[in-house]
Amino acid sequence: MKNLDPMRCSVRYAAVPLTLAALAGCSEGQPRRPNIIVMMTDDHTAQAMSCYGSLLVETPNLDRLAREGMLFESCYVSNAISGPSRACILTGKYSHVNGFTDNSRTFDGDQQTFPKLLHDAGYQTAMIGKWHLNSAPQGFDYWSILVGQGEYYSPLFIENGVERTEPGYVTDVITDKAIGFLEQRDRSRPFAMLYYHKAPHRNWMPAQRHLGINDTRVYPEPFNLLDDYSGRGSAAREQAMEIGRDMWPEWDLKLMTPEELARSYELDNSGDANKDDVKRANDWRSSVMQYQAAYNRMTPGERAAWDKAYAPRIAEYRRIKNVMDKHCRQEGYKVIPVNEGGIESILRIKEVLDRREYVCFQGDRFVEGGATAPVTFMGRKALFPAGPFVVAEKFRAPAVFYYAMRERGRRYRFIFDIPEAPDGKTPNAVLGSYVRSLEAVVRRYPQQWFNFYRFWS
């Protein structure tokens with residue numbers, strides 16, 4: 001920790017708790033005990049706070065707290081998942097000890113927590129905002145918590161056991177509740193208030209007063225936009241926070257018209273989206289349905305302002321998408337659905353080859369249950385899809401091995417490998433040529449080849 005120093009620090013991601021303390025009034029002869037406010041923002045990255053050196057936003061009030069208090073420069077959490085991290089803060093225990101190891105669990109409120117200890121010591125206690133522990137709070141004189149993840153507009157609260165929908169924007173509602181508690185508290189007692197926000201957790205819905213506020217602003221490209229995570233462990237590579245892979249236009253970028261939002265969408269499986277975030281977050285139908293629910297919580301006036309603010313963005317997105325779709329059609333890109341065991345796809349492939357056009361296959365990916373061929377790859381037996389090599393042999397089509405590899409920055413190297421004609425043009429011969437070619441590319445670019453199937457036997 002460092003006092004009064006707005007240092008540039010290395011903290012990357014955080015649910016940010018801030019503790020504020022002031023001395024409570026006490027009668028003569030009694031120890032003076034501090035009032036305590038624990039304020040938390042959810043999924044708030046250090047890069048979005050100017051006290052941590054952000055170049056994107058200014059946070060003057062957080063900066064003041066950092067200047068007049070302490071700024072953590074090197075800090076760690078025992079569990080980076082939302083609910084378990086909250087349980088660790090409450091109990092001072094590791095997740096495997098307090099029993100709340102992931103968001104699907106139910107927090108055991110009967111165990112000891114620091115609000116209970118403060119309450120027993122004479123403090124007036126309150127919990128306001130995002131609880132996210134699938135249980136009712138214990139040890140609080142007053143509590144008003146969001147249901148599950150909570151909603152940005154017209155959020156549903158449970159207040160001392162009674163459900164109530166609050167009009168307005170969630171950040172404002174939580175703040176007003178906290179101020180209300182402070183104004184109405186018992187001033188003869190010290191207080192401890194947990195003041196937990198939903199924002200800026202996904203799906204990032206701004207308040208009405210902030211709609212379009214950054215539409216004309218140009219942000220610099222992040223230095224790690226094209227990060228390949230070389231030299232780091234599997235957790236960095238396997239995270240589900242990438243723009244290209246994990247961000248959804250519907251849910252995250254709000255690129256749906258009111259007409260599209262009015263349509264019906266259904267999931268293939270059932271479940272509680274609040275308790276199954278990881279599995280369902282990357283299902284586009286789930287993202288659409290969650291956005292629909294959030295959108296419909298707005299009042300008609302709020303929706304009208306929302307639609308007006310996002311209409312130019314949606315129109316720009318559609319123009320770009322239409323151009324790309326048109327370009328693809330002009331270039332003649334077509335998808336041939338492969339029906340395992342059927343003849344239709346084989347006939348279509350033959351028609352394309354007869355017209356002296358290209359047919360592209362993924363040579364190192366196979367569908368579970370599909371035909372595979374075992375071959376030695378990088379020193380171990382591995383399974384490759386048999387289809388591309390059988391087609392090349394059956395139709396006597398020459399094979400060209402093609403790779404697109406990223407170099408530094410935005411540069412890509414395109415590699416075309418035309419193998420020598422094997423002695424016998426059998427599927428295994430073509431596959432052998434491909435494996436030798438792929439091995440050479442993988443050795444040259446070891447960080448750019450991934451295979452998530454049961455590849456090696």
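For region 369-396, what are the residues that are hydrophobic (A, V, I, L, M, F, W, C) and assigned to a loop (DSSP other than H, G, I, E, B)? Listed by number, the residues that qualify are A371, M378, A386, F395.
Looking only at residues that are in contact with a strand residue (DSSP E or B) (Cβ under 8 Å, 6 or more places away or on another chain) and either among the aliphatic types (A, V, I, L, M) or modelled with pLDDT under 95 (or both) in region 107-149, which one is surrounded by the most Cβ atoms within 10 Å (Cβ to Cβ)? Among those that are in contact with a strand residue (DSSP E or B) (Cβ under 8 Å, 6 or more places away or on another chain) and either among the aliphatic types (A, V, I, L, M) or modelled with pLDDT under 95 (or both), it is I128.
For every residue, the table says whether it meets (1) hydrophobic (A, V, I, L, M, F, W, C); (2) without any contact (Cβ under 8 Å) to a residue 12 or more places away in the chain; (3) touching a strand residue (DSSP E or B) at 6+ places or on another chain (Cβ under 6 Å); (4) on the phi > 0 side of the Ramachandran plot.
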site: Y52; (1), (2), (3), (4): no, no, no, no
site: E68; (1), (2), (3), (4): no, no, no, no
site: L71; (1), (2), (3), (4): yes, no, yes, no
site: S74; (1), (2), (3), (4): no, no, no, no
site: P84; (1), (2), (3), (4): no, no, no, no
site: V97; (1), (2), (3), (4): yes, yes, no, no
site: F100; (1), (2), (3), (4): yes, no, no, no
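Considering A178, A199, the condition of being in a helix (DSSP H, G or I) and under 30 Å from Y123 (Cα atoms) is satisfied by A178 alone.
Can you confirm whether A80 is at pLDDT 70 or above and surrounded by fewer than 14 Cβ atoms within 10 Å (Cβ to Cβ)? Spelling it out, A80 is indeed at pLDDT 70 or above and surrounded by fewer than 14 Cβ atoms within 10 Å (Cβ to Cβ).
The values are calculated or read from the model by the stated rules, or taken from the named source; none is laboratory data. Quantities reported herein were computed from a predicted structural model and do not represent experimental measurements. For neighbour counting, all protein chains shown are included, and Cβ atoms are generated from backbone atoms with ideal geometry for every residue, glycine included.
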